[in-house]
1. Evaluate the stretch 13-23: report whether one residue or more is among the hydroxyl-bearing types (Ser, Thr, Tyr), surrounded by fewer than 13 Cβ atoms within 10 Å (Cβ to Cβ) and part of a helix (DSSP H, G or I).
2. Could you check Asn177 against (1) at pLDDT 85 or above; (2) touching a Leu at 6+ places or on another chain (Cβ under 9 Å) and say which number it fails?
3. Name every residue in the stretch 160-200 that is closer than 13 Å to Arg217 by Cβ and part of a helix (DSSP H, G or I), in order of residue number.
4. Where residues in the stretch 225-266 are small (Gly, Ala, Ser) and touching a Ser or Thr at 6+ places or on another chain (Cβ under 8 Å), which of them is farthest from ligand 2 (Cβ to nearest atom)?
5. If I go through the stretch 359-389 residue by residue, how many of them are closer than 14 Å to Lys407 by Cβ, within 34 Å of the chain's Cα centre (by Cα) and at pLDDT below 85?
6. So, in the stretch 316-335, how many residues would count as being out of contact with any Leu (no Cβ under 9 Å at 6 or more places or on another chain), modelled with pLDDT of 90 or more and outside any helix (DSSP H, G or I)?
7. Collect the residues in the stretch 620-629 that are farther than 15 Å from Ile478 by Cβ and surrounded by fewer than 19 Cβ atoms within 10 Å (Cβ to Cβ), keeping them in residue-number order.
8. Determine if the stretch 477-485 includes at least one residue that is under 30 Å from the mean Cα position of the chain (by Cα), within 16 Å of ligand 1 (Cβ to nearest atom), modelled with pLDDT of 75 or more and surrounded by fewer than 23 Cβ atoms within 10 Å (Cβ to Cβ).
Amino acid sequence: MNLTSLLINELRLSEYQKRALKKPDIKTVKDLLWHFPARYEETGEKTTIADLTVGEKAILSGRISGLKFEKTWKKKMNIARAVLNDGTDKINLVWFHQPYMAKILKENEEITVSGKIQTGKNGLPAGRQDLYVSNPTNLSKSNFNRLTAVYPETRGLSSRWFRFNIQKILNKLPAENFIDIVPQKILNKYHLPSLKNSLIYIHAPKQKKDAEAAAKRFAFEEIFTIQLSRMQKRIWRQKENAFSIKAEEKEINKFLKNLSFKLTKAQQKSIEHIAKDLQKNSPMSRLLEGDVGSGKTAVAALASFLVFKNGYQTAYMAPTEVLAKQLFDSFINYFSNTGAKLALLTSSESKKFPSKLKPAEATHVSKNRLLKWLEDGEIDIVIGTHSLIQDRVKFSRIGKSVYQNKKLAMVIIDEQHRFGTNQRATLTNKKNESDKRITPHLLSMTATPIPRTLALTIYADLDLTLLDEMPPDRKEIITEIIPPNQREKAYQKIKEEIEKGKQAYIICPRIEPSDIKKENLLTLNTRAVKEEYERLSKEVFPEYKLGMLHGKMTPKEKEETMKNFSASDGENRIDILIATSVIEVGVNVPNATVIVIEGAERFGLAQLHQLRGRVLRSTHQPYCFIFTESKSQKTLERLATLGRVKNGFELAEHDLKLRGPGELSGKKQWGISDIGMEALKNIKMVEAARLEAKNILSSDPELNNYPLLKEKLGQENLNIHFE
Ligand code: ADP
Ligand code: MG
């Protein structure tokens, strides 16, 4: 019997409990067993009431009397009270907010509880007069572990409920239900406990060591299966066919003359890697990882140029319209003398370059016409957003054009971390086609610096090229944390820069002012784009032109704003752009030299680094002013790292240490659980998982000898996660 096929309903739950289980999405026995504790509480020593000390945790056994259930009229709070007598003395027990205690507790019953001994008015008037135990944990039906599992808060279900039911299942289910997905050999080699033991340990550890061993085992399983799955995909991809793209040095040099700068060594090296990959008959899978502003676009352009020169198409996907448009404009620049036909495809517009009437410009065309051109091979390079994949009709037409005319030879995915795994896959593998089909080469790009362990795990299917050098003559950014009473100083600096002809960004965490009724105090203070725009226009920068950019604007409005912000002169030029973090990805306005980030405590270090990357795009001295209202020492220290550390990868490692990996990038984003993320602090484990995954696949790429792993990986492929 498979654990997933055992429905939770068999536990004979009440309607109330069934409803409560909806929120953590627990449907099967497996879901319940894999609902891990958030933490453990030390239950303390078993002692007697006569020996109690205030402030300590203790376990007490005795008989209860004087049960009372009340509801305070003011706060409508349920309170249950009882007096515990263990023969040595009496003490009060008080439960707040636990109405179900009325059903559990019975007058005169023998119970065992654990909790912290407190003093105060709740203590009167039992034996040890001033003492009481607040919210004691009822241990009566469990065995006396020193640690008690506390589960993530679930409305309507107590930790005790989880402990009780999980124990029931673990005791009842026969051993054959717990088949380890991790091969026994590997468990032995790394001294990892078996599945059943791990489940027992994680829910009811006798000591801390047990819980840690169990967590390690589940973390290993997760990291191991992710790597296995990515490596397997890589093996499959390498078996597919791709167009071989040749590179001619003469042509390359001609193209490079079109650029207004000389390539850095790192850019040259990346292009060599890419050219070598493209030459092969099997598809390239390369990730170009380079800090913001390191010049990935030029590398992508050169790769596209090689593909174009060989007579094939490139599809270039970016996560936002603003970025897609900007890339389109850059490509028009790079390709103006090459004869390449370029297209832009987003949900709101389709454009083509060059225009028939004005060959130096791009022109709007109807979407249908553009799709037809794509299909006919009229277009050499199409740049777009999710539109390239989301709309099925468009996608299949692109697919058709590709495979009927054998045209599409390469896809580029910019800021690839912004796409879900499946969105990326949709662009690269076309399903339902025979093996002989041609698969496009893949160039993925990202500026998100992530810790090495995370990269090893989630990018196990990609070859990595690091763009570890900035274009020459860049000045080191000056990053300052500005306390609330020194705002003026930063505004003054902005004015100075604008007077020098430069521009500035001001980033706010939200679009609209907060609705006081709906929001909690934490978000009340955060500044909103619309409000700040009004305030700054009137009060601080009346003599300058301000603009706004956020996700609720129409594409037309956004374009207009970006156009005016990108224009370094002209009467419509925007001096200061007030924006949400939409500008975080890729936006390139080299003339902007100052960035102010409001509510900085709400962003992760990596994201803050991305944001400040907006002003790292020229040889001018850049400034980043971090505004925070936070008084938390921890937060301030975290933000201070930003001033010291200028390298994104180093920052990512700091984030991992300081905040914990879960917060670093969000498990949602990488599809890794909290336990798995925790494991990423341990490079040895990640490397071990990698080694074992490699070993298994080298002798059994289809995992035929590992049916459980094979099944699990098959399911994982169905898991779509979007950001
Ligand atoms: P990112 O890697 O963040 O995508 P971009 O490709 O947008 O960076 O490049 C950032 C800026 O640096 C652009 O204005 C680009 O024209 C410029 N740039 C790129 N490569 C070089 C280089 N080798 N020398 C000087 N400037 C460069
Ligand atoms: Mg970029």
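1. Quick first cut of the stretch 13-23, residues among the hydroxyl-bearing types (Ser, Thr, Tyr) only: 14, 16.
So of that shortlist, the ones also surrounded by fewer than 13 Cβ atoms within 10 Å (Cβ to Cβ) come out as 14, 16.
Next, from what is left, pick out any that are part of a helix (DSSP H, G or I): 16.
The answer is yes, given that some residue of the stretch 13-23 is among the hydroxyl-bearing types (Ser, Thr, Tyr), surrounded by fewer than 13 Cβ atoms within 10 Å (Cβ to Cβ) and part of a helix (DSSP H, G or I).
2. (1)
3. If the condition is that a residue be closer than 13 Å to Arg217 by Cβ and part of a helix (DSSP H, G or I), then Gln184, Ile186, Leu187, Asn188, Lys189, Leu195, Lys196, Asn197, Ser198, Leu199, Ile200 are the ones that fit.
4. Of the residues in the stretch 225-266, the ones small (Gly, Ala, Ser) are 229, 242, 244, 247, 260, 266.
Next, only the ones that are touching a Ser or Thr at 6+ places or on another chain (Cβ under 8 Å) stay: 242, 266.
On the way: Ala242: 24, Ala266: 15 Å.
In this case the residue turns out to be Ala242.
5. The first filter runs over the stretch 359-389 and keeps only residues closer than 14 Å to Lys407 by Cβ, leaving 371-382.
Next, only the ones that are within 34 Å of the chain's Cα centre (by Cα) stay: 371, 374, 380-382.
Filter once more, keeping what is at pLDDT below 85: 371, 374.
Residues meeting the conditions: 2.
6. 0
7. Glu629
8. Filtering the stretch 477-485 down to residues under 30 Å from the mean Cα position of the chain (by Cα) leaves 477-484.
Still in the list and also within 16 Å of ligand 1 (Cβ to nearest atom): 477.
Right, trim to modelled with pLDDT of 75 or more and you get 477.
Now narrow it down to the ones that are surrounded by fewer than 23 Cβ atoms within 10 Å (Cβ to Cβ): 477.
There is at least one residue in the stretch 477-485 that is under 30 Å from the mean Cα position of the chain (by Cα), within 16 Å of ligand 1 (Cβ to nearest atom), modelled with pLDDT of 75 or more and surrounded by fewer than 23 Cβ atoms within 10 Å (Cβ to Cβ).
The values are calculated or read from the model by the stated rules, or taken from the named source; none is laboratory data. Since we're looking at a predicted model, the values are computed, not measured. Neighbour counts are summed over all protein chains in view; Cβ atoms, including those assigned to glycine, are modelled from backbone coordinates with ideal geometry. Keep in mind that these areas ignore ligands, DNA and RNA; they rest on the heavy atoms of the full protein, side chains included. Shrake-Rupley method; radii C 1.70, N 1.55, O 1.52, S 1.80 Å.
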